[in-house]
Every structure is written in structure tokens, then in C-alpha cells.
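The values are calculated or read from the model by the stated rules, or taken from the named source; none is laboratory data. In this text the structure is predicted, and so the values were computed from the model without any measurement. A quick note on method: Cβ atoms are made from the backbone with ideal geometry, for glycine too, and the neighbour counts reach across all protein chains shown. We work out accessible area using only protein heavy atoms, side chains counted, and drop any ligands, DNA or RNA first. Shrake-Rupley method; radii C 1.70, N 1.55, O 1.52, S 1.80 Å.
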Amino acid sequence: MTDTELKEKILNLIRTDKDFAFEVHRLILKLYGDDLVTKAYLEEALVKQSLDLKREFYEALGKQSEGLGKEFYYALGEQSEDLKKFVLEVKAELIEKIDETAESLIRRLMR
């Protein structure tokens, strides 16, 4: 009988024979109980830590986003004011040039 066949027979016995399954369970707990408990505890602690880190990351990201949003809107507001001033200056210059050109045309036409 090969190792694979033997393993399959043992697994089959565990599935079908409760007494045998309990004996195997007791033996596993006796031999590896501390490791199993430690492993389960570590996995649970790791999951908790992962969730805590995820929460802290999203909180920090939210705070940083708020700060960046405020800075962006402040900078945008400043640029908007600068752009508004520039447009008004250009508009005033254009009106002045149009008035000068119109006056020049009127003088020409009057001659």
C-alpha cells in the first residue's frame, strides 16, 4: 500500500468513524495544541491589526485630502482673482484702444 493510499484510508476512517476521529483529534491537540492556539491567536491579532491599520490609513488619507482640498481651493481662488484682474485690465485696454481708434476715424472723416 502506498503512502497516498494509506492517507486516503485514514481520512476516510476519520470521516466515517467518530470514535477514531475523536482519538485523532485528541492526539493532534496533545501534540500540536499549543501551536494551533498560538497560530489562531496570531491570525486573529493580525486581522485586528490589519483592520486597525486600514482604518488609520483611511482616516489619515481623509485628513490629508481635506487639507489638500482647502489648499487647492485657496490657490484656485487666488488664481481666479488674478485672472479676473487680468481680464479687466485687458478689457480696459481694449476699450481705450477702441475709443482712440474711433476718435481717430471720426477726426479723419471730419477732415
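Relative to the Cα centre, what is the charge dipole magnitude of the stretch 1-62, using +1 at the beta carbon of each Lys and Arg, -1 at the beta carbon of each Asp and Glu, and rounding to the nearest 20 debye? Mind showing how you got there, number by number?
Values: 10 positive and 13 negative charges, 24 e Å.
With only Lys, Arg, Asp and Glu charged at Cβ, the dipole is about 120 debye.
If the Kirkwood radius is taken over C-alpha pairs of the stretch 1-56, then at 4 °C and 1.567 mPa s the Stokes-Einstein diffusion coefficient equals 93 µm²/s. In whole percents, the pair-distance distribution calculated for the chain from its alpha-carbon pairs, binned every 10 Å from zero, is 11, 13, 13, 10, 9, 9, 8, 7, 6, 6, 5, 3, 0.
To the nearest 20 debye, what charge dipole does the chain have about its Cα centre, counting +1 at the Cβ of each Lys and Arg and -1 at the Cβ of each Asp and Glu?
Values: 19 positive and 24 negative charges, 69 e Å.
Charge dipole of the chain: 340 debye, to the nearest 20.
Protein heavy-atom surface of the chain, 1.4 angstrom probe: 61% of the accessible area is carbon and sulfur, with nucleic acids and ligands not counted. For the chain, modelled as a GNM whose springs connect Cα atoms under 10 angstrom apart, the maximal fluctuation among 26, 15, 55 occurs at 15. Tell me the accessible surface of residue 58 in square angstrom (1.4 angstrom probe, heavy atoms of protein chains only), to the nearest ten. For residue 58, solvent-accessible area is about 130 Å². The listed residues 98, 14 rank as 98, 14 when sorted by accessible area, largest first, using a 1.4 Å probe. Annotation: residue 35 carries an accessible surface of approximately 100 Å², with a 1.4 Å probe and no ligand, DNA or RNA atoms counted. Considering only 59, 89, 100, the mean-square fluctuation computed in a Gaussian network model of the chain, springs between alpha carbons under 10 angstrom, is largest for 100.
Based on DSSP H segments of at least four residues, each scored -39500 (n - 2.57), the chain has a per-residue ellipticity at 222 nm of -36000 deg cm²/dmol.
By how many degrees, between 0 and 90 and to the nearest 10, does the Cα long axis of helix 18-110 differ from the longest principal axis of the chain? Once rounded, the angle reads 10 degrees. Cross-linked pairs 9/30; 39/63; 18/39; 9/39: Cα-Cα separations exceed 31 Å for 39/63. Would you list, by chain and number, the lysines whose Cα falls below 19 Å from the Cα of residue 91, excluding same-chain residues fewer than 8 positions away? Excluding near neighbours in sequence, the set is empty. Computed from the C-beta positions of residue 5 and residue 42, the FRET efficiency with R₀ = 30 Å rounds to 0.30.
Accessible surface calculations at 1.4 Å, restricted to protein heavy atoms, place the chain at 98 Å² per residue.
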